[in-house]
Amino acid sequence: MSFSAVDVIRAKRDGLTLSDAQIDWVIDAYTRGVVADEQMSALAMAIFFNGMTPAETARWTQAMISSGERLSLQVSRPTVDKHSTGGVGDKITLPLAPLVAACGAAVPQLSGRGLGHTGGTLDKLESIPGWRAALSTSEILSQLSSVGAVVCAATEGLAPADRKLYALRDVTGTVEAIPLIASSIMSKKIAEGAESLVLDVKVGSGAFMKDLASARALAEALVAIGVEHGVRVSALLTDMSVPLGRAVGNAVEVAESVDVLRGGGPSDVVELTVALAAEMLSLAGILADPGAVLASGEAYEVWARMIRAQGGDPDAPLPVAAHRHVVEAPASGILSTLDAYGVGVAAWRLGAGRARKEDPVQAGAGVMCLAKPGDVVEAGQPLLELFTDTPDAVEGALQALEGAYSVSDDEVERSPLVIDTIRG
Ligand code: URA
């Protein structure tokens with residue numbers, strides 16, 4: 001069936017509900033280039049203002065899944081995946097995928113690169129000498145069977161409609177619409193084919209969703225789409241008002257993840273890794289204690305196999321930036337704030353992230369948070385360490401950090417890391 005793009009745009013502009021046939025047609029026609037970018041931007045803006053019903057969102061997701069291939073993960077273990085909506089210092093995929101594999105699941109983690117102030121998992125892993133992000137579908141399946149965990153780039157054939165639409169939304173001010181975000185994330189994750197999925201929906205200054213009400217609405221929309229498509233799904237709402245762990249960047253986050261896999265590392269990274277692993281294992285029907293498996297070193301063994309399987313050398317020294325700059329505590333007292341967004345922008349400006357898709361990133365760039373909120377600090381003590389290969393970038397990073405930290409005499413009350421869990 002064929003429609004007029006203008007009629008579909010007018011219908012959504014006027015607050016009507018789109019029919020299944022209209023949604024199927026508009027996604028397919030846009031993917032084929034029959035609906036023009038300017039028409040899709042108008043429709044995305046109409047959706048931004050008038051929303052979509054849960055049924056429209058589910059159909060929109062299905063249409064985007066149908067625009068490409070859906071992986072069939074024929075492996076003997078239960079398959080379970082995790083998706084994070086993105087945050088500062090969010091390296092959790094790195095320890096989590098091998099941990100959950102070490103507990104007996106198969107974890108296909110098809111990931112992206114960073115854009116803006118939140119880092120990308122592939123950029124982090126690419127700081128490991130030799131490591132390769134691009135795998136074919138048969139390599140993904142073979143590694144899932146042999147190692148149990150794969151972290152690699154999403155193949156071109158997965159949800160091509162979303163790839164085109166997301167790039168358009170990025171330049172038309174239409175990213176921040178819950179039905180569009182939810183359908184974008186879930187179309188890729190469902191096309192990836194895992195039986196179970198845990199979503200880490202971040203809330204706070206360093207996240208997409210700055211307040212709890214919108215993060216909860218996104219989590220509910222994501223879970224509803226998963227349920228509609230027969231995927232076992234849960235969402236954890238987690239705090240992203242301060243950076244996760246101490247390291248923010250690429251190689252520095254890999255090093256911190258390895259510390260966690262070796263039984264050490266910052267307590268918040270360990271806590272979130274274990275909480276997400278427990279939820280993934282519960283959905284996958286596997287009885288295991290992820291905290292004990294992490295402490296036993298078995299997850300580190302899977303990590304080393306996973307890195308080697310993709311050409312990387314887990315024992316090779318990681319790149320170190322050429323230039324280092326220390327930010328000192330302005331006064332003695334208790335570090336009361338360390339704003340995730342400010343630290344994320346600083347790391348990005350130092351060269352850890354990119355402004356455009358095609359920009360390179362620096363493996364060694366980033367920020368180490370030497371103190372976290374609640375820590376007692378002395379005036380002049382190093383608070384943050386900035387790393388870059390381009391010393392000219394330090395000034396911009398320091399500007400991003402202005403007002404991002406404060407020291408006071410008062411005790412700090414922090415919200416819990418895992419705020420809530422929404423189950424499908
Ligand atoms: N991540 C996605 O994959 N899609 C969105 O729309 C937003 C974040």
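The values are calculated or read from the model by the stated rules, or taken from the named source; none is laboratory data. In this text the structure is predicted, and so the values were computed from the model without any measurement. Reconstructed Cβ throughout: ideal geometry from the backbone, glycine too, with neighbour counts over all protein chains shown. Ligands, DNA and RNA are excluded from the accessible area calculation, which covers all protein heavy atoms including side chains. Shrake-Rupley method; radii C 1.70, N 1.55, O 1.52, S 1.80 Å.
Computed values, structure above
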item	result
Fully extended contour minus Cα-Cα distance, from Ala379 to Lys210, at 0.36 nm per residue	57.7 nm
Residues whose placed amide H lies under 5 Å from that of Met209, excluding near-sequence neighbours	Gly204
Val34 versus Val326: modelled label distance in nm, points set 7 Å from Cα along the beta carbon direction	6.5 nm
Shape of the stretch 80-315, Cα gyration tensor, a/c cut at 1.5	rounded
Estimated distance in nm for a label pair at Leu16 and Ala167, the labels positioned 7 Å out from Cα along Cα-to-Cβ	3.2 nm
Karplus-derived 3J(HN,Hα), 6.51/-1.76/1.60, for each residue of the stretch 145-151, Hz, glycine and proline x	6, 7, 9, x, 9, 9, 10
Segments 1-7, 326-332, 18-24 sorted - mean Cβ within 10 Å per residue, highest first	18-24, 326-332, 1-7
Per-residue SASA entry for Lys91, accessible area with 1.4 Å probe, Å² rounded to 10	0 Å²
Pairwise centroid distance, computed over Cα atoms, of the stretch 66-123 with the stretch 156-182, Å	19 Å
Label-point separation, Gln399 to Val418 (7 Å along Cα→Cβ), nm	4.1 nm
Estimated FRET transfer efficiency when R0 is 41 angstrom, pair Arg132-Ser4 (beta carbons, to 0.05)	0.35
Cα-centred dipole magnitude for the stretch 5-51, charges only on beta-carbon of K, R (+1) and D, E (-1), debye, nearest 20	120 debye
Net charge dipole size for the chain [Lys, Arg +1 and Asp, Glu -1 on Cβ; Debye, nearest 20]	1100 debye
Solvent-accessible heavy-atom area per residue, rounded to whole Å², over the stretch 34-150 at 1.4 Å	33 Å²
Accessible surface of the chain [probe 1.4 Å, protein heavy atoms]: carbon and sulfur percent	52 percent
Whole-angstrom Cα spans of the chain along principal axes, big to small	68, 46, 37
Cα gyration tensor shape of the stretch 5-51, rounded if a/c is under 1.5, else prolate or oblate by comparing a/b with b/c	oblate
Candidate aspartates and glutamates - alpha carbon under 13 Å from Lys164, same-chain residues fewer than 8 apart omitted	Asp28, Asp37, Glu38, Glu156
Packing rank of 412-424, 333-345, 219-231, where each peptide gets the mean count of other beta carbons within 10 Å, highest leading	333-345, 219-231, 412-424
Å² of accessible area per residue within the stretch 278-424, as computed with a 1.4 Å probe and no ligands counted	50 Å²
FRET E, pair Ala316, Val175, Förster distance 35 Å, beta-carbon r, rounded to 0.05	0.40
